[in-house]
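Some notes on the structure that comes next.
The values are calculated or read from the model by the stated rules, or taken from the named source; none is laboratory data. Small disclaimer: the values here were computed from a predicted structure and weren't measured. All Cβ positions, glycine included, derive from the backbone under ideal geometry; neighbour counts span all protein chains shown.
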Amino acid sequence: MAKQRGRKSADSRRGTAREAAGDGSASLALLWGTRARPSRGPKPQLTLDAVVRAAIEVADADGIDAVTMTRVAQRLDVTTMAIYRYVPRKEELVDLMNDHALGPPPTPGGGSWRAEVARWARTSLSRFQNRPWLLETARRRVPIGPNWLGWLDAGLRALERSGLPSQEMISAVMLVDGHVRATAELSSGPSATERWARDFGTVLGSVIGDPRYAALTQVAMAKGSSRMSSGSASPFEFGLERILDGIEARPGKRRSRRR
């Protein structure tokens, strides 16, 4: 009978947590530290930060799909139900992981607006490349946490001297961010593996001269007949520079004192 009451109590707590998180407000409350602490029950054994860090350690080791309340509890040597005192569901836990792993944006360096935007983009790219699961979670959900908002603010500050009208600056930040995420996707996906590169080389060698792929043949032959210079830009840097060129050439910009 006692066991049955215990199970009913646990189920009740889970159900209440799920209802509270239904509209997404639970994530915002946790991210911004406005969630009310329970006034009843046993004294908390952990901190929310410890739970989030343990979940990140699981994701770093085995990927985001390995993160469960049970795995996190095992890592912290507590019961699974103890984790529910801090986060109502895995979805909210992943939101917290995402914002925590994103970390703060780079501090302003005092360079030109182009240099500052480029530094913002490169730092962002390194975060996603160091933690591929972060990109995966960001595709599913974009938690509006302090770090995410800090990155948006830093991107806007980097663009302040670009001359863009204020209403276009967020669009420009999102354009750069899209380039960062696309590059991170390519650098961590199937097309980044050695096997894919070998297969591509094999297929490319077999279709050179095929009229169906005339443009590809021309590019492949041109690359083969000329050495790539050591200073050639990576696809990421090439794309980033073209985006910045477009911002710089945007008609109707405000006059800026410095680049």
Item checked: Number of the condition not met by VAL87 [criteria: (1) out of contact with any Leu (no Cβ under 7 Å at 6 or more places or on another chain); (2) part of a loop (DSSP other than H, G, I, E, B); (3) among the aliphatic types (A, V, I, L, M)] -> (1)
Margin query: If I ask for residues that are part of a helix (DSSP H, G or I) and buried (at least 19 other Cβ atoms within 10 Å of the Cβ), which ones from segment 54-68 would you list?
Written below: ALA54, ALA55, ILE56, VAL58, ALA59, ILE64
Next item on the list: Kindly indicate which of ARG131, ARG127, ARG114 is surrounded by 17 or more Cβ atoms within 10 Å (Cβ to Cβ), of a type in the set (Lys, Arg) and touching a Gly at 6+ places or on another chain (Cβ under 8 Å).
Entry: ARG127
Next item on the list: Please state which of the following conditions MET97 fails to meet, knowing it meets all the rest: (1) farther than 30 Å from GLU160 by Cβ; (2) assigned to a loop (DSSP other than H, G, I, E, B).
Entry: (2)
Next item on the list: Identify all residues within segment 169-213 that are touching a residue at least 60 places away in the same chain (Cβ under 8 Å) and under 22 Å from PRO106 (Cα atoms); write none if there are none.
Entry: ALA172, LEU175, VAL176, HIS179
Check: Could you say whether any residue in segment 20-43 is in contact with a helix residue (DSSP H, G or I) (Cβ under 9 Å, 6 or more places away or on another chain) and modelled with pLDDT under 55?
Finding: yes
Next item on the list: Working only within segment 133-145, note down all residues that are touching a helix residue (DSSP H, G or I) at 6+ places or on another chain (Cβ under 7 Å) and in a helix (DSSP H, G or I).
Entry: TRP133, LEU134, LEU135, GLU136, THR137, ALA138
